[in-house]
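Undergrad: One structure, as structure tokens, below. Some questions next.
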Amino acid sequence: MKRFVVALIAALLLTSQQAEAAPKSIAASEITKVAPIAEHEGVAISNQGITIFSNVEKKVLVTSLDFLGAEKWTLAVEGATDQIAMAATSDKEGNIWLAGLTSAVGEYETQNATSSPVNVDGVVVEQVPALRSELNCLTLWKITSAGALIATYSESATAPLLITAISYSSSGISIIGDRGTGTVLITSTLSGKFSAATVIGTSKSSFTSILRNSDGSAQIYGASSETLGGKKLVGVRDGILAKVNRSGALTTVVRSSANRATRSWQSATSSYFLVGDVKVSGKNESAFTKFNSSFAPTWTLRLPSQGAQLAAVAANGNHYALFNSTSSIPGVTGWKPSTPTPIVLRFDSKGVITQALKASQVTGAKAMTHIPGVGIVIVSQAGIFKG
């Protein structure tokens with residue numbers, strides 16, 4: 001009898017501990033739309049506010065907004081015959097760094113004809129529209145938080161580049177892009193001295209995120225269907241986590257893979273939290289994984305999805321993810337989409353879901369950042385959202 005009582009007490013204690021450890025259900029609530037926003041190509045969010053940019057009439061229009069959507073200033077970036085911006089980031093002082101392409105200054109024939117031709121047939125010559133100059137110079141623009149353009153740096157004329165990401169650190173700027181034959185990594189000092197371009201992989205690899213470190217090295221994330229850094233392909237296409245040194249050479253490559261799987265990492269934070277897509281055996285999912293600095297996973301979760309979008313880091317080990325959910329989510333009540341629908345999840349340091357924000361209005365999301373005292377801020381073509 002005594003043994004039975006002891007066993008019963010132990011079982012009750014274990015049941016109690018398991019109940020306490022079980023995560024609480026979270027009710028999905030609507031995200032708040034703060035304000036509409038003008039059409040734009042890119043955005044940078046900092047503690048000072050939101051900066052958007054658009055390419056208009058051979059110039060770059062930059063607009064700064066507060067977190068309620070009120071305009072603070074607008075700047076038209078000109079100077080070259082042609083220019084476009086493709087990516088933006090901010091530094092610790094609140095300066096905005098734009099990366100884009102400009103046309104090189106060309107030499108033109110200035111000699112005029114010495115006599116006027118005779119137009120015996122009275123032919124009316126139509127004006128020929130000016131040709132767009134070739135955008136073949138990588139250019140950085142530095143704009144203060146007050147809206148003043150204080151520096152423009154350009155590398156020498158080279159092949160055009162599709163810029164996909166930019167990252168700032170105290171030692172400089174790192175930019176990744178694509179010239180059609182592989183991912184290109186170019187760095188610049190804060191005074192505008194550019195490195196030679198380093199090509200990583202071939203057209204079979206693509207990288208969408210870069211996080212630069214203070215020593216000039218960086219982490220890059222994306223996908224590849226070829227051998228990289230000596231690591232061979234496992235699935236149809238593997239997700240890639242890689243480190244490059246300050247010279248752009250690969251030093252570490254980790255593949256996220258499975259047989260017959262197509263994987264890719266879409267967004268990453270400086271705290272090694274990544275969101276990406278997984279397609280295998282007819283299932284589409286989003287993967288949410290927190291890694292350590294050695295690229296070893298500390299927790300991971302997969303949920304049915306039609307596309308991962310953005311990741312953000314918050315205080316106390318919390319992280320946010322925006323993705324297109326296609327089913328109910330364990331532990332989240334009031335959520336059962338009939339079609340792929342955006343939702344924002346907050347994870348604690350152990351990967352437990354602690355907040356869910358319905359985000360069906362958030363279409364074409366460009367950036368998501370957690371701002372202390374403000375909360376999670378998302379900028380999309382549909383407007384500014386907070387949660």
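Undergrad: Residues in region 293-312: is at least one in contact with a Gly (Cβ under 9 Å, 6 or more places away or on another chain) and among the β-branched types (V, I, T)?
TA: Yes, region 293-312 contains a residue that is in contact with a Gly (Cβ under 9 Å, 6 or more places away or on another chain) and among the β-branched types (V, I, T).
Undergrad: While we're on this one: Would you point out which residue out of A196, A242 is touching a Gly at 6+ places or on another chain (Cβ under 9 Å), open to solvent by 30 Å² or more (accessible area, probe 1.4 Å), of a type in the set (G, A, S) and closer than 30 Å to W141 by Cβ?
TA: A196
Undergrad: Moving on to the next point. Any idea which residue in region 199-218 is modelled with the lowest pLDDT, counting only those that are in contact with a Gly (Cβ under 9 Å, 6 or more places away or on another chain) and open to solvent by 30 Å² or more (accessible area, probe 1.4 Å)? Walk me through how you get there before you give the answer.
TA: Step one: of region 199-218, the residues in contact with a Gly (Cβ under 9 Å, 6 or more places away or on another chain) are 199-209, 212, 216, 218.
Subsequent filtering for residues that are open to solvent by 30 Å² or more (accessible area, probe 1.4 Å) retains 199, 202-204, 206, 208, 212.
On the way: V199: 95, T202: 96, S203: 95, K204: 97, S206: 96, T208: 91, R212: 98.
Taking the candidates together, the pick is T208.
Undergrad: Scanning for something open to solvent by 10 Å² or more (accessible area, probe 1.4 Å), in a strand (DSSP E or B), more than 20 Å from I26 (Cβ to Cβ) and in contact with a strand residue (DSSP E or B) (Cβ under 6 Å, 6 or more places away or on another chain), does region 346-365 turn up at least one residue?
TA: Yes, that holds for at least one residue.
Undergrad: How many residues does region 36-63 hold that are more than 23 Å from V313 (Cα to Cα) and open to solvent by less than 70 Å² (accessible area, probe 1.4 Å)?
TA: 12
Undergrad: Then there is this: In a loop (DSSP other than H, G, I, E, B) and either surrounded by fewer than 14 Cβ atoms within 10 Å (Cβ to Cβ) or modelled with pLDDT under 95 (or both): does that describe T339?
TA: yes
Undergrad: I need the strands (runs of 3 or more DSSP E) fully contained in region 19-74, keeping only those with at least 1 residues that are closer than 22 Å to S167 by Cβ and either aliphatic (A, V, I, L, M) or modelled with pLDDT under 95 (or both).
TA: Fully inside region 19-74 and qualifying: 42-46, 49-56, 59-65.
Undergrad: Of these, E93, E107, E126, which one is under 35 Å from the mean Cα position of the chain (by Cα), at pLDDT below 95 and either farther than 17 Å from S191 by Cα or open to solvent by 20 Å² or more (accessible area, probe 1.4 Å) (or both)?
TA: On the way: E107 fails: under 35 Å from the mean Cα position of the chain (by Cα); E126 fails: under 35 Å from the mean Cα position of the chain (by Cα).
So the residue among E93, E107, E126 that is under 35 Å from the mean Cα position of the chain (by Cα), at pLDDT below 95 and either farther than 17 Å from S191 by Cα or open to solvent by 20 Å² or more (accessible area, probe 1.4 Å) (or both) is E93.
Undergrad: Return yes when T298 is closer than 23 Å to G222 by Cβ, assigned to a strand (DSSP E or B), more than 21 Å from the chain's Cα centre (by Cα) and not aromatic (F, W, Y) and no when it is not. I'd like the intermediate steps shown before the answer.
TA: Working: closer than 23 Å to G222 by Cβ: yes; assigned to a strand (DSSP E or B): yes; more than 21 Å from the chain's Cα centre (by Cα): yes; not aromatic (F, W, Y): yes.
It is true that T298 is closer than 23 Å to G222 by Cβ, assigned to a strand (DSSP E or B), more than 21 Å from the chain's Cα centre (by Cα) and not aromatic (F, W, Y).
Undergrad: I'm told R260 meets every condition in (1) under 18 Å from S25 (Cβ atoms); (2) in a loop (DSSP other than H, G, I, E, B); (3) among the charged types (D, E, K, R) except one. Can you identify the failing condition by its number?
TA: (1)
Undergrad: What number of residues in region 183-193 are closer than 17 Å to G248 by Cα and crowded, with 18+ Cβ neighbours inside 10 Å?
TA: Here the count works out to 6.
Undergrad: I've got another one for you. List every residue pair whose Cβ atoms lie under 7 Å apart, where the two residues are 6 or more positions apart in sequence or sit on different chains, the first residue falls within region 214-230 and is in a strand (DSSP E or B), and the second residue, located anywhere, is surrounded by fewer than 17 Cβ atoms within 10 Å (Cβ to Cβ) and among the basic types (K, R).
TA: S224/K204
Undergrad: Does region 305-327 include one or more residues that are among the aliphatic types (A, V, I, L, M), modelled with pLDDT of 95 or more and part of a loop (DSSP other than H, G, I, E, B)?
TA: The answer is yes; a qualifying residue exists.
Undergrad: Out of the residues in region 150-180 that are within 16 Å of A196 (Cα to Cα) and outside any strand (DSSP E or B), state the one that is most open to solvent (accessible area, probe 1.4 Å).
TA: Across region 150-180, the extreme among qualifying residues is S156.
Undergrad: Let me ask something additional. Can you tell me which residue among T252, T289 is assigned to a strand (DSSP E or B) and open to solvent by 40 Å² or more (accessible area, probe 1.4 Å)?
TA: After applying the criteria, what remains is T252.
The values are calculated or read from the model by the stated rules, or taken from the named source; none is laboratory data. Just so it is clear, the structure is predicted and the values come from calculations on it, not from any experiment. We place every Cβ from the backbone using ideal geometry, glycine too, and count neighbours over all the protein chains shown. Heads up: the accessible areas ignore ligands, DNA and RNA and are worked out on the full protein's heavy atoms, side chains in. Shrake-Rupley method; radii C 1.70, N 1.55, O 1.52, S 1.80 Å.
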